[in-house]
Amino acid sequence: MEPFRGRAHVSSRTWLLWLCVYSLACLLDTVSTGEDYYQLLGLSKDASTREIRQAFKKLALVMHPDKNPNDESAHEKFLKINRAYEVLKDEELRRKYDKYGERGLQDSQQGGRYESWNFYRYDFGIYDEDLEIITLDWGDFDAAVNSGELWFVNFYFPRCSHCHELAPTWRQFAKEMDGVFRIGAVNCGDNGRLCRSKGVSSYPSLYVFRAGMSAQKYFGDRSKESLVSFAMQFVSSKVTELWEARHSVKGGIITAFFALILQKLAGMLEGLVSVGWLDCSVQAELCERLHVTSSFTAYSPPGSSLEQRDHMLLIHSLDVKEIYSEVIQYLPDLESLTQDTFTDKLENQRWLVSFTFGQKNLGSIEYRKLQVLLKEASVKVGQVDCLTESRLCDAFYIQKPSIAVFKDTGVNDFEVYHGKELLYNVVGFAKDSANAHVTTLLPRNFPRNEKEPWLVDFFAPWCPPCRALLPELRKASVQLFGQLKFGTLDCTIHEGLCRTVSGRHSTGTRTLQAGSGGSLPGHINESKVLKFIEYDLVNPVVVPLTPDNFDELVRQRRPNETWTVDFYAPWCGPCQALLPEWRRMARMVNGIVKVGTVDCQKYHWFCQQESVRAYPEIRLFPQDSRSRNHYESYNGWHRDAHSLRAWALGSLPRVSVDLNPEDFKQMVLRGRDHWVLDFYAPWCGPCQHFAPEFELLARVRLCCGVRPHPGCLALLVSPAELCSLFSLSRCSRGR
């Protein structure tokens, strides 16, 4: 996408562009007219897709009518939890429900049908209960496979018999390779778009992923041994054989057992610890000098030699996971940052900082691997204990264990992480955030009288669509660097500031919202964010209409102006479906027809006054109308952009000229002007479809001599292009 237009005007005024996918209304005005779907499934509002599936399956196996044949109410009870599941698993429906309650789902029919008990028992969520297998969805797939770790992913379909046949083997494989590889699974029944984007056309499909490497598909037989053999090809860590000349190697592990086990251990500790082995049947003298009398594993920290037994960690186990667990805890902790050192350390260096509250768990210990995984990204890693550095944590409004990436431009330019506390997610966030230009805003750095324009996302961390938007904002911030600044404000922490800003229009600051209240419907991606910024915020083509400006803009419109207005309610399903088409139509008729929207939830009394009885209500206020209140309602079957455009353009006064045979002879054949002619029949369907396009052409003043008419528009295409289009050999100015 090209840089947005209108940049030349930005420096003369300050804009606060308010992007609100989960606006303040989402936080403060949630509507609930029935039983809460989260409560029905026993979930919190920040539940993950996997947790939603697990909760529903647990209830389905108990409440299914097949298991309760004597309960007449079993069907209705099951429909309730099925409806809750179908809504919460869908990103767009969940967004509507969280924002508007059941009222926002009035046009959705999910949950009316369900499967047999056997389906939920055997086919539903095949890998949701397996701790070693990570179920990936659209929202976290790319971050996972681009984290730098090795991933082996199983793309499956719930009703695929071969997928079920593989499942026991995949579970065994996952247990054996846990820690060496990340073992994943993608349900292509729920994530068809993701599977198609990865070229998956058959099930099961098994792929190995790693950042910087093209995906490698597995074509071998589906035994555990074959899977292990294939996977280990991608573990590049070296295992060193130790002998007399090398026994003084410092900082590593020595052991005396099988090569495959050693290779797995080397993969798990890649970049952290060197792994070696010593064969005492060959190096008997060396083993005797090192007092090795039986098989064991030892960790020798940096700065010590293998002969310094007092400095070694002896591990009396040959189990890979036990060895890894002990060694990882023995490694140096993350660098501690304090109030005194924080500013100086972070001044000219990118840092990932883990804010803790004294706790140490396996998850936080795993973060010690971050230093290796983020080395290539030039991101240093440190930690702050908020129990001892409370003033420092309070300054950044850190109220719970958190992670933040600080850019290299000072301590006020940072971004707090709001995703899953899994290593691969944290790594993905750190890499993206360090190269992006999104700032976590606080009262002290909130843009108030800035010269540059800002786009601020007011959000709540507990809402999944809010979290899904954040990586797309990072991508957009890279595309628009130097033109627009990006910030996020957590309204669960800064509720007062969110309330103040939402109602403030202070001097020097404009709050611009999209015609529909600034929401982005459907799946959100970088392209949609960029288009939203371009066409809804910076150069809006849809005008938000209010009771205050409706009379001035619409009723008192100029004689040659035509307006189309969408009266909508944000919770209305068809209104949400219409929204992207309405914006697209507005771009297509920009400069010809004015396009606006009226929020009938916000201005309910006004819509009642205008006799709006249903949503969406689409009206056209024509030009040169005797009555300024006269309008035409859209009754077309299709509400796509092209149908709406044809309807709007069809209402415009004709500017093309009807020619009879005599006119044709005198004006075209004998005249000096160039003409574009449409030979048509009134009964011809394609002719009727083409008529608005021809009228649009007639409104364009062309240098190629197309007959000009009063009110025609500026040139839309270059003269040379148009002359070429109509095979005109010469170009003269139209008169």
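Structure above, values below:
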read-out	value
Paramagnetic reach from Ile493 (point 7 Å along Cα→Cβ, amide N under 11 Å) across segment 376-393	393
Sorted by Cβ neighbour density within 10 Å, fewest at the top, the residues Arg558, Arg474	Arg558, Arg474
Part-to-part distance (alpha-carbon centres) for segment 336-407 and segment 606-655, which is given in Å	57
Residue-wise HN-Hα coupling along segment 80-89, computed from phi with Karplus coefficients 6.51, -1.76, 1.60 (Hz; x: Gly, Pro)	5, 6, 5, 4, 4, 5, 4, 6, 6, 7
3J(HN,Hα) from dihedral phi, segment 152-160, Karplus parametrisation 6.51/-1.76/1.60, rounded to Hz, x for glycine, proline	10, 10, 9, 8, 10, 10, x, 9, 7
Per-residue Cβ neighbour rank within 10 angstrom, fewest leading, Glu534, Glu452, Glu526	Glu452, Glu526, Glu534
Spacing of the two label points (7 Å from each Cα toward its C-beta) at Ser48 and Arg628, in nm	5.9
Ascending count of other beta-carbon atoms within 10 Å, so fewest first, for Asp344, Asp140, Asp385, Asp46	Asp344, Asp46, Asp385, Asp140
Residues with amide H under 5 Å from that of Thr597, placed H, sequence gap 5 or more	Val543, Leu545, Asp566
Radius 12 Å from Cβ of Thr297, net charge of other residues (Lys, Arg +1; Asp, Glu -1)	-3
Gain in span if fully extended, Glu421 to His75, counting 0.36 nm per residue against the direct Cα distance	120.7 nm
Calculated FRET value between Arg444 and Asn549, using beta carbons and R₀ = 35 Å, to 0.05	0.50
Extended-chain gain in nm, criterion 0.36 nm per residue less alpha-carbon gap, Asp340 and Leu260	24.0 nm
Segment 541-650: Cα Rg divided by the 2.2 N^0.38 Å rule of thumb	0.98
Square roots of 5 times each gyration tensor eigenvalue, C-alpha, segment 43-136, largest first, Å	22, 20, 10
FRET efficiency estimate (nearest 0.05) - Cβ-Cβ, Ser643 to Asp678, R0 25 angstrom	0.75
Mean Cα-pair separation over length for segment 29-123, i.e. relative contact order, pairs under 8 Å, 6 or more apart, %	37
3J(HN,Hα) from dihedral phi, segment 661-675, Karplus parametrisation 6.51/-1.76/1.60, rounded to Hz, x for glycine, proline	x, 5, 4, 4, 5, 7, 8, 9, 6, 9, x, 9, 8, 7, 10
Length added when fully stretched, Glu35-Phe119, from 0.36 nm per residue minus Cα-Cα	27.6 nm
Whole-angstrom gap from segment 667-681 to segment 141-211, using each part's C-alpha centre	64
At 1.306 mPa s and 10 °C, Stokes D of segment 406-445 from Kirkwood alpha-carbon radius, µm² per second	146
Per-pair calculated FRET efficiency, R0 = 56 Å: Gln666 and Gln483 via Cβ, rounded to 0.05	0.55
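FYI, it's all coordinate maths here, none of it is from the lab. Treat the numbers as computed from the prediction; the structure is a model and nothing was measured. Counting neighbours? That spans all protein chains shown, and the Cβs are built from the backbone with ideal geometry, glycine included.
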